[in-house]
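A short write-up of the structure that comes next.
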Amino acid sequence: SPCSLWLHNSIKSAEVCFNDLGCFSDLPPWGGTGQRPASMLPWHPDEIGTRFLLFTTKNRYYQEIRTDQTIQASNYNGMRMTRFIIPGYLLKGDEDWPQEMCKTMVKKENVNCIAVEWKSGVKTLYAQAANNARVVAAQVASMITFLMVSAALLITFLCLGLDPAEPYFQDTDALVQLDTSDATFVDVIHTDGRAFNSNLGLGMLQSVGHIDFYPNGGVLMPGCSANTGRPTDLDAIWEGTKKFDACNHVRAYQYYSESITNPQGFVGYPCHDQDSFAAGKCFPCANNKCPLMGHNADKLLVTDGSLKTKYFLNTGSSTTYARYSYRVTLTLDGPNWSNQGYIFVALTGPKESTKEHQLYRGKLVTGRTYEVLIDVEVDVGNVREVKFRWDNYILNPLKPKYGASKVELQRGKDSKIDVFCGTENVVENAIQSVLLCQA
C-alpha cells in the first residue's frame with residue numbers, strides 16, 4: 001500500500017467525509033482514469049475495521065492501541081523507534097504475517113512495532129480495496145500524529161514498499177502511488193513485476209523509491225511458478241474466492257522478514273539491469289556502498305533526495321533465502337591431455353562450510369582458468385579453505401588426476417580477495433584441500 005497520505009481537496013464530486021480523517025473524492029486521480037477506471041468511494045472506517053496491534057520487547061502478545069488513553073496503559077515508549085507494518089494482499093493461511101514480522105523484529109531490536117490490520121477492508125473487490133487503503137493511510141497518519149503529540153517528538157519518516165501493486169497504482173499521479181516524496185527515505189522490493197495484463201503480475205516493475213531492489217530480476221522468484229490466470233480474475237483473487245498462487249508477490253515480505261535476522265545475506269548490487277548483473281558486470285560491491293535489502297536498507301546514506309538507483313541480488317528458492325556472493329577464479333592442474341568432466345568447489349570458514357557448488361562442466365584443460373560467480377547459502381566468514389572435487393561423466397580407464405593449482409576468491413560485499421594454492425592433484429571424486437597461499 002502507498003505510504004503517502006491525501007486529505008480533502010475541495011472539488012465538487014461524489015465524496016465521503018469521516019470525522020478527523022478528512023474527505024475522499026471519487027474523481028481523478030482516484031477514479032475515472034486509464035489506470036483506475038472504476039470510480040469508488042472508500043468504505044466507512046467501521047466497515048474497514050482497522051486495528052493497530054502493538055508489539056514490544058515487554059509484551060509477548062500484541063496490545064491493541066487507539067488514539068486515546070489506551071496508549072498510556074500499553075508498553076508503547078515514545079523514546080524508541082516506531083515501525084508500522086501495513087499489509088496489502090493477504091495470502092490465505094498467512095493473513096497475520098505482519099504480526100509475525102513484528103514478533104521477529106522485537107526479538108532483534110528494542111522498538112515499537114505496530115501491525116496494522118484491516119482484513120475486512122482488503123478482502124473485497126480489488127478497486128474497492130485500493131480505495132479503502134486511502135482511509136487506512138489516513139488512519140495511520142492520524143495515529144502517527146497522535147503518537148508524536150503524546151511523546152512531544154519529531155519523527156523522521158522512512159517507508160518501505162513490499163512489491164507495491166501494479167493495478168490501480170502504476171503510472172498514476174504522485175498522490176496515488178508510492179514515490180520518493182512520501183518519506184525521507186523510500187526503499188522498495190520488487191518480486192512480481194511481470195506485466196499484469198499479459199502475465200498477471202501483481203507488482204509493479206518501475207522504480208519508485210530512492211532505492212529499488214530487484215531480487216532475482218524482480219519478476220520470477222526461485223521456488224515459484226509463473227502466475228496463471230486472466231486479468232478479469234483479479235477481483236476473485238483479491239477476495240480469496242479463486243485459487244491463485246501468489247508465491248512471487250508474497251516473497252517480498254518473506255525476504256524482508258528474513259533480512260531482520262540475516263541482514264548480510266541480502267546485499268544489493270547497483271546495476272543497470274538484470275542481464276548485466278547476471279553477467280557479472282556489477283560485481284563486486286564498489287567502495288563498500290552496497291545497501292542491504294530489507295530491514296537494514298536505511299543504513300545506506302542517500303545524499304541526493306531525488307536519487308533513484310536499482311539494486312540486484314540473488315536469493316535461495318526456499319527459506320533460508322539469504323545468499324552470500326563470491327567470484328571464484330580457478331586455475332586447473334592435471335594431465336597434458338583433456339578430459340570431459342565437472343568441477344565443484346565448497347568454501348570453509350572458521351565455523352561453517354558451504355555445500356558444493358558446480359563451477360564448470362565440459363572439457364577439462366590443464367592450465368586453463370575457470371571463472372564463475374556463486375551464491376552460497378551460509379555466511380562462512382573469512383574463508384580458510386577451498387575444497388575442490390572433480391568428476392568424470394564418462395568412464396576413463398586412464399584414471400587421471402586433477403587439482404586446483406590456484407584459486408582466487410573475491411567476496412562480493414566488500415571486494416575482499418583471498419588467494420589459495422593447491423599442492424597435489426586428486427583422483428576422480430576425491431577432495432583436494434586448497435589452503436591460503438603462504439607469503
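The values are calculated or read from the model by the stated rules, or taken from the named source; none is laboratory data. This structure is a prediction, so every number in the text was calculated from the model and none was measured. Ideal geometry is used to build each Cβ from the backbone, glycine not excepted, and the neighbour counts take in all protein chains shown. Each accessible area value is taken on the protein alone, full model and side chains, heavy atoms only, with ligands, DNA and RNA left out. Shrake-Rupley method; radii C 1.70, N 1.55, O 1.52, S 1.80 Å.
Assuming R0 = 35 Å, what is the FRET efficiency of ASN382 and SER276, from their Cβ-Cβ distance, to the nearest 0.05? Between ASN382 and SER276 the formula returns 0.75. Counting only residues at least eight positions apart within a chain, or on another chain, the lysines with an alpha carbon under 16 Å from that of LYS351 are LYS387.
For a Förster distance of 56 Å, can you work out the FRET efficiency between the beta-carbons of GLU371 and ASN110, rounded to the nearest 0.05? Computed FRET efficiency for GLU371 and ASN110: 0.80.
Using the 1.4 Å probe convention, the accessible area of segment 324-436 works out to 50 Å² per residue with neighbouring protein chains retained. Apolar share of the accessible surface for the chain: 50 percent from carbon plus sulfur atoms, 1.4 Å probe.
Structure note, pairs LYS103/LYS123; LYS363/LYS413; LYS92/LYS299; LYS281/LYS406: Cα-Cα distances above 29 angstrom occur for LYS363/LYS413; LYS92/LYS299.
Determine Rg/Rh for segment 324-436; Rg is computed over alpha-carbon atoms and Rh is the Kirkwood hydrodynamic estimate from the same atoms.
Rg divided by Rh gives 0.96.
For the chain, the longest principal axis of the C-alpha atoms and the axis of helix 97-108 are separated by about 60°. Computed with a 1.4 Å probe on the full set of protein chains, the accessible area for THR191 sits at about 0 Å². Only aspartates and glutamates eight or more places from LYS401 in sequence, or on another chain, were considered; those with a Cα closer than 13 Å are ASP333, ASP391, GLU424, GLU428. Computed about its Cα centre, the charge dipole of the chain is approximately 1160 debye, with only Lys, Arg, Asp and Glu carrying charge at their Cβ. Length gained on full extension, GLU356 to ALA286: 22.5 nm, using 0.36 nm per residue less the C-alpha separation. Rg and Dmax of the chain, both derived from C-alpha coordinates alone, stand at 25.7, 88 Å.
Note on segment 227-241 and segment 17-31: Cα centroid distance 27 Å, given to the nearest whole angstrom. If you take the alpha carbon atoms of segment 138-286 and fit the smallest convex hull around them, that volume is 160 Å³ per residue.
Build a GNM of the chain with springs between Cα atoms under 10 Å apart, and of ARG251, ARG80, ARG194 the one that fluctuates most is ARG80.
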